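No lab work stands behind these numbers, since they all come straight from the coordinates. Quick caveat, the model's predicted, so the values are computed rather than measured. Cβ placement follows ideal geometry from the backbone for every residue including glycine, while neighbour counts extend to all protein chains displayed.
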Amino acid sequence: MRTHLFYLATCALTLSLAKNTFAQATFEGLGFLSEANKFSQAFDVSDDGSVIVGISVSEHDGVFGGEAFRWEDGIMQGLGDLDGARPDSRAQGVSGNGSVVVGYSNSPNTAFLEWEAMKWAADTGMVGLGDFVEEMLYSEATDVSYDGSVIVGRSYTTGKPMLWINGELQYLEEDAFGEAWGISSDGSVVVGSADIDDVQQAFRWTQETGFEGLGAPGGGYSVAFKISADGNTVVGFQAGDNIEAFRWAEETGMEALGFLPGGNYSSAKDVSDDGATLVGISNSEDGFAAFIWREETGMQNLKELLETEYGLDLSGWLLSEATAISADGTTIVGTGVNPDGVSEGWKAVIPLSPGGCIAPNTFLLDEITDTTVSFSWEPSPTEVNGYNWFVMNFGAFPDMDDPVAGGTTEPGINFAFAMGLTPGTSYQVYLQTKCDGEESNYGGPFTIMTTQDMGIGENNNPDLLFYPNPTTGIINIQTKEKINSVSVYNAAGQKVPFNSLNKENTSIDISSLSGGIYFIELNLNNKTIKRYKVIRR
């Protein structure tokens, strides 16, 4: 009978591996420009994931306001503003090489509460990019090519998309109304939203083809936010009956990507270089949340993925939106609320399995004794040739150490049985998917603990009566020795709560625990520790 469900937990080890590197996911908040008025949001990331840009609150001469930042190596750098009087700037895009930042800022050339598109580089600082109407500046820059030479944006003054090539402002097409949101790595393809054939719709533009409308299903409208490095995959949202994230490619057209469970709103904000991984925002039955989308998995709640598949502890964090992703699809940045209830930008790094071969991430403990264990796992969608499984001494790793037990299953088989284990010992199980010509990274470690050398029924030690076992909740302990303390652990070795029914600890109640296998640990006469297995029905 299947009794326990475990999720992938990462192990705090620093490992140098020759192959199939067991990389760990990481997560960190980006911090703030001002500790006196904490606030930050992240909007874009460089191709290699090392440089992040966005907005944070800063203070200038006693006045607080939003200021564009550039974050690298754990240091958040304020980029200032064009006006120099009141802080009001925002970084919206960063070049693929991380050297150029674009966005908008208050400016001496704009009216109050309006702004001018800006570009920042280390050698020039922040410079204004102007507008089509010089005497009525109101513009913003939204994205930039890999080397920083081509920038796109929009003009609020004229309602038209903007394109800067080596600092020279030009129209995409002079009679086109809309906005440009994204640009390919080489600067040759621009995406956004424009009025095309009397329909406000996502577009893909090149110098050679001009505007190509991508459609607006259901008689609504659509917006394209980003494009893959090669210019072939476009992402954004379509608005019909609901607002829904989409992925567009020439061969497939516009594909709706759905929502998180219980949701009816989603929007794709960025895409990896190969067009295979998307990030964005969706509502769900629990509110708005950042998502990651891959063809083999569909849309997933990013926080839940980091916690369940990669074992990260994000308690107290709300990841409200994923705004950008690195070229290889491993680094994701976004906006959220930290455990202190403060808006803070964040960075998550998710290692990818080689070639898309996905490791098992859900482990099920079926039965465990003092020397054997049977277990299973949820099948991987990429499995072709079965699975490799390894039972390792605690802290050991398959590529570095010999397993205590292990094997390879037949194709389609997702369970295993190991024997020859040591009673009362903790082990770690690793799982690996065998795909078509390749193997995944290792799923795990999943921690198990064998029982002491005893039966599952009444304790066979005449000096210690331990009953009833199995139990529906109450366990009685009878011994000639003094019981100093009692602890209860689940099969993963985690201490769990219980009720002691008397001060002598001779009766305990585990009825609040779910059915399954547990271990009762006794401290006798302040010197002897004994651990016994019980079954909670």
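Values as computed for the structure displayed
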item	result
For the chain, radius of gyration divided by Kirkwood radius, i.e. Rg to Rh on alpha-carbons	1.09
Potential lengthening between residue 111 and residue 499 on full extension [0.36 nm per residue; Cα-Cα distance subtracted]	132.9 nm
Cβ-derived FRET efficiency at R0 56 Å, residue 438 paired with residue 506, nearest 0.05	0.50
Those aspartates and glutamates that a straight Cα-Cα span of less than 18 Å connects to residue 503, excepting residues fewer than 8 apart in one chain	481, 521
Distance in nm between pseudo-label sites at residue 121 and residue 230 (7 Å out along the Cβ direction from Cα)	2.9
Length released on extending from residue 251 to residue 168, taking residue separation times 0.36 nm less the Cα-Cα span	26.5 nm
Of 269/434; 119/303; 119/347, those spanning more than 31 Å from alpha-carbon to alpha-carbon	269/434; 119/303
Efficiency of FRET from Cβ geometry, residue 394 and residue 241, R₀ 41 Å, rounded to 0.05	0.20
Aspartates and glutamates with Cα under 13 Å of residue 38, excluding same-chain neighbours fewer than 8 positions away	59, 67, 340, 344
Estimated FRET transfer efficiency when R0 is 22 angstrom, pair residue 422-residue 489 (beta carbons, to 0.05)	0.80
Placed amide H near residue 54: partners under 5 Å, 5+ positions off or other chain	43, 69, 91
Rounded if a/c under 1.5, otherwise prolate or oblate - the stretch 274-323, Cα gyration tensor axes	oblate
Residues with amide H under 5 Å from that of residue 172, placed H, sequence gap 5 or more	163
Cα Rg, Dmax (largest Cα-Cα span) when computed across the stretch 362-449, Å	12.4, 39
Computed magnitude of the charge dipole of the chain (debye, nearest 20; Cβ of K, R +1, Cβ of D, E -1)	3180
Length-normalised contact order of the stretch 362-449 in % [C-alpha pairs under 8 Å, at least 6 apart]	32
Inter-probe distance in nm under a simple model that places probes 7 Å from Cα toward Cβ, at residue 521 and residue 134	7.7
Theoretical gain in end-to-end length, residue 64 to residue 476 [0.36 nm per residue, Cα-Cα removed]	141.9 nm
Label zone at residue 175, where the point sits 7 Å out along the Cα-to-Cβ direction: the stretch 186-216 residues whose backbone N lies under 14 Å	195-198, 211
Helix-only [θ]222 nm of the chain, DSSP H runs n ≥ 4, -39500 (n - 2.57) each, per residue, nearest 500	-500 deg cm²/dmol
Normalised contact order of the chain, rounded percent, pairs of Cα under 8 Å and 6 or more residues apart	11
